[in-house]
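The structure under discussion appears below in the form of structure tokens.
The values are calculated or read from the model by the stated rules, or taken from the named source; none is laboratory data. Computed from a prediction, not measured in an experiment: that's the story for all the values here. Counting neighbours? That spans all protein chains shown, and the Cβs are built from the backbone with ideal geometry, glycine included.
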Amino acid sequence: MAGLWFTEKQTENFGITMKVNKTLHTEKTEYQMLEMVETAEWGNMLLLDGMVMTSVKDEFVYHEMVAHVPLFTHPNPENVLVVGGGDGGVIREVLKHPSVKKATLVDIDGKVIEYSKKFLPEIAGWLDDPRVEVRVADGFMHIANSENEYDCIMVDSTEPIGPAVNLFTKGFYAGISKALKEDGLFVAQSDNPWFKGELIRNVQRDVREIFPITRLYLANIPTYPSGLWAFTIGSKVYDPLAVSDDSFHDIETKYYTKELHKAAFILPKFVQELLQ
Ligand code: SAM
């Protein structure tokens, strides 16, 4: 891919297209097709199985919104788990919270971690922090073997195909509930409401059956199909909408603000209808 236009197809009739200056690395890993490309508009970009995972120019939206919404909802998050997230972006944001003593990253594919460190240092550069433990393992199995351990869990997975299929099941959410402490909460990336409404509806239904507080929030991510991205929160005690103003402390962000924390839960009507 040099001087070519790359398209991530969302349906047979719609895709998102961008110009690629050059390919930096291509490899069929044990789990997926990994490509690192330099794009003309968005900087270096990680693709897995032909789908955009992250780009240097807009990654801050996704990573800030995955990390800070749950971490500011919990009054004292100390032990945090990221499932997937091998590019390291969520970990970088998690480490901005002084209460966090330990952050564990469990990604099934060590090659994602290796090549993110090489080609996306502004995203992956915090994976060697002493508070971080990196494990190359299946997140489903890690969750199945954890009990009463974590304050917050972030599921930063690929779409529900290939190795991530199990990460979108009710059994996984039940495992997450067991892996969380009694006042813990989790967030999972839940794709986009334009084309994946059924997935969002199913995830909400399953999470609602397990967690007393279940909410959906949105963010604008230009390199993801349709640009509108959804996240599901399941919480045992703390409501992300009930966070008081003095719970927020100053951290450096480019998208997340305390006002946006609440505004992100105000849903367009067609998205509200998905949840009914
Ligand atoms: N932010 C992206 C998005 O929404 O498209 C996803 C980021 S990408 C780093 C997701 C990661 O999930 C990949 O590195 C992939 O290896 C990992 N993954 C997929 N299935 C997994 C599993 N079962 N256990 C742990 N990690 C998994």
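Report, by residue number, each residue of the stretch 235-248 that is in contact (Cβ under 8 Å) with a residue 60 or more places away in the chain and either surrounded by fewer than 16 Cβ atoms within 10 Å (Cβ to Cβ) or touching a strand residue (DSSP E or B) at 6+ places or on another chain (Cβ under 7 Å) (or both). Spell out how you get there, then give the answer.
Residues of the stretch 235-248 in contact (Cβ under 8 Å) with a residue 60 or more places away in the chain: 235, 238-240, 243, 247-248.
Those that are in contact (Cβ under 8 Å) with a residue 60 or more places away in the chain and either surrounded by fewer than 16 Cβ atoms within 10 Å (Cβ to Cβ) or touching a strand residue (DSSP E or B) at 6+ places or on another chain (Cβ under 7 Å) (or both): S235, Y238, D239, P240, S247, F248.
Determine which member of the set T104, T73 is within 15 Å of the ligand (Cβ to nearest atom) and more than 23 Å from P222 (Cα to Cα). I'd like the intermediate steps shown before the answer.
Working: T73 fails: within 15 Å of the ligand (Cβ to nearest atom).
After ruling out the rest, the residue left standing is T104.
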Note to self: For the stretch 145-174, give me the residue count where each residue is within 12 Å of the ligand (Cβ to nearest atom), small (G, A, S) and crowded, with 17+ Cβ neighbours inside 10 Å.
What the structure shows: 2
Notebook entry, point to check: If N148 satisfies every condition in (1) at negative phi; (2) outside any strand (DSSP E or B) but one, which is the exception?
Noted result: (1)
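Conditions tested, residue by residue: (1) over 22 Å from N192 (Cα atoms); (2) of a type outside the set (S, T, N, Q); (3) surrounded by fewer than 24 Cβ atoms within 10 Å (Cβ to Cβ).
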{"position": "G50", "(1), (2), (3)": "no, yes, yes"}
{"position": "Y62", "(1), (2), (3)": "no, yes, no"}
{"position": "P75", "(1), (2), (3)": "yes, yes, yes"}
{"position": "V94", "(1), (2), (3)": "yes, yes, no"}
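Quick check, is K96 more than 9 Å from the ligand (Cβ to nearest atom) and either over 28 Å from M33 (Cβ atoms) or part of a loop (DSSP other than H, G, I, E, B) (or both)?
yes
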Item checked: All positions within the stretch 182-203 that are without any contact (Cβ under 8 Å) to a residue 40 or more places away in the chain, in a helix (DSSP H, G or I) and touching an Asp or Glu at 6+ places or on another chain (Cβ under 8 Å) -> L199
Margin query: Tell me whether the stretch 18-29 contains one or more residues that are modelled with pLDDT of 95 or more and assigned to a loop (DSSP other than H, G, I, E, B).
Written below: yes
Note to self: When you scan the stretch 171-181, do you find a residue that is closer than 28 Å to L228 by Cβ, assigned to a loop (DSSP other than H, G, I, E, B) and of a type outside the set (D, E), even just one?
What the structure shows: no
Notebook entry, point to check: Tell me, which residue of the stretch 37-62 that is away from the ligand (no atom under 12 Å from the Cβ) and part of a strand (DSSP E or B) is nearest to K254 (Cα to Cα)?
Noted result: G43
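Look at the stretch 76-93 and say how many of its residues are in contact with a Leu (Cβ under 9 Å, 6 or more places away or on another chain) and away from the ligand (no atom under 16 Å from the Cβ).
If we filter the stretch 76-93 for residues that are in contact with a Leu (Cβ under 9 Å, 6 or more places away or on another chain), which is where we start, we get 77, 80-93.
If we keep only those that are away from the ligand (no atom under 16 Å from the Cβ) as well, we get 77.
Within the stretch 76-93, residues that are in contact with a Leu (Cβ under 9 Å, 6 or more places away or on another chain) and away from the ligand (no atom under 16 Å from the Cβ) number 1.
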Checklist line | Count of the stretch 158-192 residues which are over 23 Å from T73 (Cα atoms) and of a type in the set (S, T, Y) | finding: 2
Next item on the list: Restricting attention to the stretch 107-135, report how many residues are surrounded by 21 or more Cβ atoms within 10 Å (Cβ to Cβ), more than 8 Å from the ligand (Cβ to nearest atom) and in contact (Cβ under 8 Å) with a residue 60 or more places away in the chain.
Entry: 3
Margin query: Can you tell me which residue is nearest to the ligand (Cβ to nearest atom) among those in the stretch 204-221 that are in contact with a Gly (Cβ under 8 Å, 6 or more places away or on another chain) and in contact (Cβ under 8 Å) with a residue 60 or more places away in the chain?
Written below: I221
Margin query: Which pairs turn up if I take residues in the stretch 152-175 that are without any contact (Cβ under 8 Å) to a residue 40 or more places away in the chain and look for partners that are of a type in the set (F, W, Y) with beta carbon separation below 7 Å, at least 6 apart in sequence or on another chain?
Written below: P160/F168; N166/F140; N166/F172; F172/F140
